[in-house]
Structure formats: structure tokens, C-alpha cells
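The values are calculated or read from the model by the stated rules, or taken from the named source; none is laboratory data. Quantities reported herein were computed from a predicted structural model and do not represent experimental measurements. Ideal geometry is used to build each Cβ from the backbone, glycine not excepted, and the neighbour counts take in all protein chains shown. For the accessible areas, the whole protein counts, side chains as well, though only heavy atoms, and no ligand, DNA or RNA atoms are used. Shrake-Rupley method; radii C 1.70, N 1.55, O 1.52, S 1.80 Å.
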Amino acid sequence: EPVVKPVGSALRGSALHKLIEEILNDLLREDSASISARAGELISQLGGNPTAQPKEGPCSQEMAATILKTISLPLVQEFRTRLKPEMPIFSSGSPDVNPLSLISGVADAVAIKIDKAIELIIDWKSDVDLDPSRRNVHEWQMQQYLKAANCSRGAIVYMTAGIVHEVQGSMPLSPHVGES
């Protein structure tokens, strides 16, 4: 059967983020029926109308399949027991570079080592279309989180496509530094 592309929306993205957060917090069982039922509730709570076909709008069955595919990804499985959702990230810039540079955000999920250091930062993305310019923005955002958390490994997880884009190292705090 051909793969049906779901209709992307802010509502769908918010629901997917909430579903994976509830799974990581052990508030939602990891089975299709439970996730689909909760997705239907979230769609309604967010002001949407659940549809039976993902090409027509927010579909709880499609969302459940997307979540199950995401939590089955090898990288997610590798860190699953240590993933903590919705972690605040704060940092200030180095005084020798820019003393007024501040970073404040919430990482979608982090894996924490025994010594309490952050080993991995994950950013869940619900994008239906993987536009290259948006991917660059996603990578830049991840670089800021990595720098702020003093972490060397990040992953942008495109849930709909089932693609993990790993990000290493660090970039300047401004996306324009070093450009001519």
C-alpha cells in the first residue's frame, strides 16, 4: 500500500509532543490502543476534530503509529530508560565572546548519566515535509542547547519520517558569527 502523508499542523505537533512526554513519564502505556485513545482526547482538547484519515486532518491512529515508530528507533531505545522529558536548559555566554549572550529553552528530552551530566539532548520534530532550510534552523537550535548544557551529542528526531539526525560539537551562539 502507498504511504499516506498526514496533514501537518501545530495541533498535530503539540499532540505528538505531549504523547511522547506522557510515555517518557510512564503516564501512558506503550500500545497502539492506549496512545490512539489519548491522541483523540488531545486532539479534542486542543480544539481539533479527530479524523479517520491522516490526509484529512489530525488522526489518532496515525499519531499512535508515529509515536510507536519513534520510540522504536535504535537511538531512542538505547537511551530510553534514562530519557527525561521537558528539561530546562539555561546558560550565559562566555565573557570573552559576548557577555550578554543568554540561552534559555526547554529540551524535549535529555539522557542523564550517573554523574548527573547530560549525555544526549533530543529534539522531537513532527514535520511532515523535511525542508532543508528548516533542518538548518533545527540544527542551529540543537547546537545552542548542546553548548548551553556542555553536551557533545544531540539528536533531532523527525518522528513522522522516522529519521534521526545526530548533531555533534558546537557552533557559535549567534547563527551569524563567522559569516561574511
In the chain the DSSP beta bridges are antiparallel at a rate, in percent to nearest 5, of 80
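Roughly how big is the stretch 1-79's charge dipole about its Cα centre, with Cβ charges of +1 (Lys, Arg) and -1 (Asp, Glu), in debye to the nearest 20?
Numbers: 7 positive and 10 negative charges, 53 e Å.
Here the size comes out at about 260 debye.
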Only helical DSSP H runs with n ≥ 4 go in: add -39500 (n - 2.57) per run for the chain, normalise by residue count and round the 222 nm mean residue ellipticity to 500 deg cm²/dmol.
-11500 deg cm²/dmol
Which lysines have a Cα lying under 27 Å from the Cα of K84, excluding residues fewer than 8 positions away in the same chain?
K18, K69, K113, K116, K125, K147
I'd like the accessible area for E78, computed on protein heavy atoms only with a 1.4 Å probe and all protein chains in place. Round to 10 Å², please.
110
Within the stretch 18-41, the residues whose backbone N lies under 17 Å from a label point placed 7 Å from the Cα of S72 along the Cα-to-Cβ direction are 20, 29-36
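Tell me the carbon and sulfur percent of the accessible area for the chain, rounded to whole percent, probe radius 1.4 Å.
Working: 5180 of 9730 Å².
Heavy-atom surface of the chain belonging to carbon and sulfur, 1.4 Å probe: 53 percent.
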Taking a probe of 1.4 Å and leaving out DNA, RNA and ligands, the stretch 50-153 shows per residue an accessible area in Å² of 53
Over the chain, calculate the relative contact order: mean separation of alpha carbon pairs under 8 Å at least 6 apart, over the residue count, as a percent.
17
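So how much slack lies between K113 and D31, counting 0.36 nm per residue of separation and subtracting their Cα-Cα distance, in nm? Each step should come with its number before you reach the end.
Working: separation 82, 0.36 × 82 = 29.52 nm, distance 2.78 nm.
Stretched out fully, the K113 to D31 stretch lengthens by 26.7 nm.
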